[in-house]
Amino acid sequence: LADGERLLSAAERLARESPSRLLVGALPFSTRGDVRLFSPARVTRSGRWWVQPTSIHEAPRLRSVRRVEDEAGAAFVRSVEAATRAIEAGDMRKVVLSRVREVSLERAPDMGRLLSALRTQNAHGFIFALGLPERGALVGASPELLLSKRGERVLSAPLAGSVPRTMDAAENARRAANLRALPKDRQEHAIVVEQVAAALAPF
């Protein structure tokens, strides 16, 4: 706790002295993983990110895909079945599952074009790229904002329950109304709100 208080104090002092300074990095889910943090020497801020309309079609072509689909797919289905049984039994309220996909590219991708392609697919998402020594780069696009703090204001925008958009505004409105009405999605959102409130309450 004392170390945390000193870190917070130093961060607040740095923010007062130089509001443009940022601390950038990657925090692993595992407590045994390496934390990668640094303060950029230069920060450039801009308005809306301009995206080339054709950038998504110019992404590097896949050379090969590791054929783990059948085995991984079957394991994923078993995980879903087990999670469903646990929820029905009352042992769990919500379970988040994921799958790992490995691909190989013909060549190392151009980072600018790759980020533009991600932005094309995720216009309202959070796009990031971070070089990791001896590990290449961590690149991604997330629709969720874990946490943003500015002054006394804290913002968290997690998602629970989603549906694809279409090019039809009326259909999008119908799908949004369904999300707001379905008990399953309302329950998922309620659980997420409770978890965020519980995590922030001590602070």
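The values are calculated or read from the model by the stated rules, or taken from the named source; none is laboratory data. Bear in mind that the values here come from a model prediction, so they are computed numbers and not experimental data. Cβ coordinates were reconstructed from backbone atoms using ideal geometry, including for glycine residues, and neighbour counts include every protein chain displayed. Ligands, DNA and RNA are excluded from the accessible area calculation, which covers all protein heavy atoms including side chains. Shrake-Rupley method; radii C 1.70, N 1.55, O 1.52, S 1.80 Å.
Confirm whether Arg85 is farther than 26 Å from Val193 by Cβ and either free of Cβ contacts under 8 Å to residues at least 60 places away in the same chain or of a type in the set (Asp, Glu) (or both). Step through it out loud before you land on a result.
Values: farther than 26 Å from Val193 by Cβ: no; either free of Cβ contacts under 8 Å to residues at least 60 places away in the same chain or of a type in the set (Asp, Glu) (or both): yes.
When the stated conditions are applied, Arg85 does not pass them.
Table: residues versus (1) under 27 Å from Phe128 (Cα atoms); (2) in contact (Cβ under 8 Å) with a residue 40 or more places away in the chain; (3) not basic (Lys, Arg).
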site: Leu146; (1), (2), (3): yes, no, yes
site: Ala157; (1), (2), (3): yes, no, yes
site: Ala169; (1), (2), (3): no, no, yes
site: Arg175; (1), (2), (3): no, no, no
site: Ala181; (1), (2), (3): no, no, yes
site: Ala199; (1), (2), (3): yes, no, yes
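Taking the stated definitions as given, is Arg93 open to solvent by 60 Å² or more (accessible area, probe 1.4 Å), in contact with a helix residue (DSSP H, G or I) (Cβ under 7 Å, 6 or more places away or on another chain) and over 25 Å from Ala160 (Cβ atoms)? So that I can check it myself, show each step before the final result.
On the way: open to solvent by 60 Å² or more (accessible area, probe 1.4 Å): yes; in contact with a helix residue (DSSP H, G or I) (Cβ under 7 Å, 6 or more places away or on another chain): yes; over 25 Å from Ala160 (Cβ atoms): no.
Answer is no for this residue.
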**Request:** Take region 113-133 and flag every residue that is in a strand (DSSP E or B) and at pLDDT 80 or above.
**Result:** Phe126, Ile127, Phe128, Ala129, Leu130, Gly131
**Complete:** Those residues of region 150-162 which are closer than 17 Å to Val96 by Cβ, modelled with pLDDT of 85 or more and not small (Gly, Ala, Ser) amount to Pro158
**Message:** With among the hydroxyl-bearing types (Ser, Thr, Tyr), at pLDDT below 80, open to solvent by less than 60 Å² (accessible area, probe 1.4 Å) and within 19 Å of the chain's Cα centre (by Cα) as the only criterion, which of Ser39, Ser55, Ser30 stands out?
**Reply:** Ser30
**Item:** Qualifying positions in region 152-188 - touching a helix residue (DSSP H, G or I) at 6+ places or on another chain (Cβ under 7 Å) and hydrophobic (A, V, I, L, M, F, W, C)
**Value:** Val154, Ala160, Val163, Leu179
